Amino acid sequence: MAECRIHPEVPMPDPAVLTRLAALPTPALSDSMGRLRGARGLLPLTGKGRLVGPALTVQTRPGDNLVVHKAADLARPGEVLVVDAGGNPDRAIVGDLLCRYAASRGVTGMVVDGAVRDVAEVAELGMPLFARAVSHLGPYKNGPGEIRGQVSVGGMPVGNGDLIVADENGVLAIPRPRVAEVIAAAEALLERERVIVEAIDADAWDRSWVDNALDITWCAQEQESR
């Protein structure tokens, strides 16, 4: 039998935190975290709107989804399955049946650093699915794997229970200790951007900051000799 390491649960987040996160786009959250974190190469394949929820992390052997099935058994309503499958694009880790079962367990979406399949069927479920690739080739079911441990998706570290926010701009994980700080910073950033939008619409955006940030040298245009 293949080993499956399962770490303890962490408490679910305050619903009010999720509501505030749902109103914040990933670029504003990313800017509020120093633009250092974020998954690369994961694309939104199904679903509409923003995916928000605590991560239920899974690490599996590339091309194998046995422990992903076990994670779906353990999932609590509102969690996001975050699967580190090594970024392998060759063999699908999840498809229609697993997504359908996970949705019945209350899973709000999936982030897979690997391939998926049955995209049209999953889209009908309305489940947000972010992945690196699409492949018709099905998975093995041999294990091993780890659930609720530290994973990496798209080069982004994700701890179990970290807050996932994903939209058409990409996938972001916010460490739980930083959630309140990042939310406050992102909300303040959006307010500053709202003021700028009003200034643009009024043709009143002060652009002096551009020249102040540049050491500009104007070059004289050479005249063609005659």
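Just to confirm my filter: which strands (runs of 3 or more DSSP E) fall fully inside the stretch 139-197 and include at least 1 residues that are within 15 Å of the chain's Cα centre (by Cα) and closer than 19 Å to residue 71 by Cβ?
Working: elements: 145-147, 151-153, 156-158, 163-167, 170-174.
Per the criteria, 151-153, 156-158, 163-167, 170-174.
Among the numbered conditions (1) farther than 21 Å from residue 167 by Cα; (2) touching a residue at least 60 places away in the same chain (Cβ under 8 Å); (3) of a type outside the set (A, V, I, L, M), tell me where residue 105 comes up short.
Condition (2) is where residue 105 drops out.
Name the one entry in 213, 180, 188 that is open to solvent by less than 70 Å² (accessible area, probe 1.4 Å), out of contact with any strand residue (DSSP E or B) (no Cβ under 8 Å at 6 or more places or on another chain), over 30 Å from residue 97 (Cβ atoms) and among the small types (Gly, Ala, Ser). Steps first, answer last, please.
On the way: 213 fails: open to solvent by less than 70 Å² (accessible area, probe 1.4 Å); 180 fails: open to solvent by less than 70 Å² (accessible area, probe 1.4 Å).
Result: 188 is the single residue among 213, 180, 188 that is open to solvent by less than 70 Å² (accessible area, probe 1.4 Å), out of contact with any strand residue (DSSP E or B) (no Cβ under 8 Å at 6 or more places or on another chain), over 30 Å from residue 97 (Cβ atoms) and among the small types (Gly, Ala, Ser).
I'm trying to understand the selection: among the residues of the stretch 136-158, which are crowded, with 19+ Cβ neighbours inside 10 Å and not charged (D, E, K, R)?
Kept after step one, since they are crowded, with 19+ Cβ neighbours inside 10 Å, are these residues of the stretch 136-158: 139, 145-148, 151, 153-154, 156, 158.
The answer is 139, 145, 147, 151, 153, 154, 156, 158.
Taking the stretch 36-50, which residues are farther than 15 Å from residue 99 by Cα and open to solvent by less than 30 Å² (accessible area, probe 1.4 Å)?
Of everything in the stretch 36-50, those that are farther than 15 Å from residue 99 by Cα and open to solvent by less than 30 Å² (accessible area, probe 1.4 Å) turn out to be 38, 39, 42.
So which strands (runs of 3 or more DSSP E) are wholly in the stretch 1-93 and hold at least 2 residues that are in contact with a strand residue (DSSP E or B) (Cβ under 6 Å, 6 or more places away or on another chain), polar (S, T, N, Q) and under 23 Å from residue 176 (Cβ atoms)? Steps first, please.
On the way: elements: 4-6, 43-46, 51-60, 80-84.
Of the strands (runs of 3 or more DSSP E) lying wholly inside the stretch 1-93, those with at least 2 residues that are in contact with a strand residue (DSSP E or B) (Cβ under 6 Å, 6 or more places away or on another chain), polar (S, T, N, Q) and under 23 Å from residue 176 (Cβ atoms) span 51-60.
Return the pair list, or none, for Cβ contacts closer than 7 Å from residues in the stretch 114-139 that are over 19 Å from residue 60 (Cα atoms) and free of Cβ contacts under 8 Å to residues at least 40 places away in the same chain to residues that are buried (at least 24 other Cβ atoms within 10 Å of the Cβ) and hydrophobic (A, V, I, L, M, F, W, C), at least 6 apart or on different chains.
Going by the 7 Å Cβ cut-off, there are no qualifying pairs.
Out of everything in the stretch 25-55 that is of a type in the set (A, V, I, L, M) and more than 13 Å from the chain's Cα centre (by Cα), what residue ends up being modelled with the lowest pLDDT? So that I can check it myself, show each step before the final result.
Start the filter on the stretch 25-55 by keeping residues that are of a type in the set (A, V, I, L, M), which leaves 28-29, 33, 36, 39, 42-43, 45, 51-52, 55.
Those still in the list that are more than 13 Å from the chain's Cα centre (by Cα) too: 28, 33, 36.
Values: 28: 95, 33: 91, 36: 69.
Among residues in the stretch 25-55 that are of a type in the set (A, V, I, L, M) and more than 13 Å from the chain's Cα centre (by Cα), the one modelled with the lowest pLDDT is 36.
Being touching a helix residue (DSSP H, G or I) at 6+ places or on another chain (Cβ under 8 Å), modelled with pLDDT of 95 or more and open to solvent by less than 40 Å² (accessible area, probe 1.4 Å) narrows it down to one residue among 85, 75; which is it?
Details: 85 fails: touching a helix residue (DSSP H, G or I) at 6+ places or on another chain (Cβ under 8 Å).
After ruling out the rest, the residue left standing is 75.
Can you tell me which residue in the stretch 114-133 is nearest to residue 97 (Cα to Cα), limited to those that are open to solvent by less than 10 Å² (accessible area, probe 1.4 Å) and at pLDDT 95 or above? Lay out the reasoning, then the answer.
If we filter the stretch 114-133 for residues that are open to solvent by less than 10 Å² (accessible area, probe 1.4 Å), which is where we start, we get 114-116, 122, 127, 129-131.
Filter again for at pLDDT 95 or above, leaving 114-116, 129-131.
Numbers: 114: 17, 115: 15, 116: 12, 129: 14, 130: 16, 131: 17 Å.
Within the stretch 114-133, the match that is nearest to residue 97 (Cα to Cα) is 116.
State yes or no: is residue 2 surrounded by fewer than 17 Cβ atoms within 10 Å (Cβ to Cβ) and under 15 Å from residue 165 (Cβ atoms)? Spell out how you get there, then give the answer.
Details: surrounded by fewer than 17 Cβ atoms within 10 Å (Cβ to Cβ): yes; under 15 Å from residue 165 (Cβ atoms): no.
Criteria not met by residue 2.
The values are calculated or read from the model by the stated rules, or taken from the named source; none is laboratory data. Everything numeric here is computed off the predicted structure, so don't read it as measured data. Note: ideal-geometry Cβ built from the backbone for every residue, glycine included; neighbour counts use all protein chains shown. Heads up: the accessible areas ignore ligands, DNA and RNA and are worked out on the full protein's heavy atoms, side chains in. Shrake-Rupley method; radii C 1.70, N 1.55, O 1.52, S 1.80 Å.
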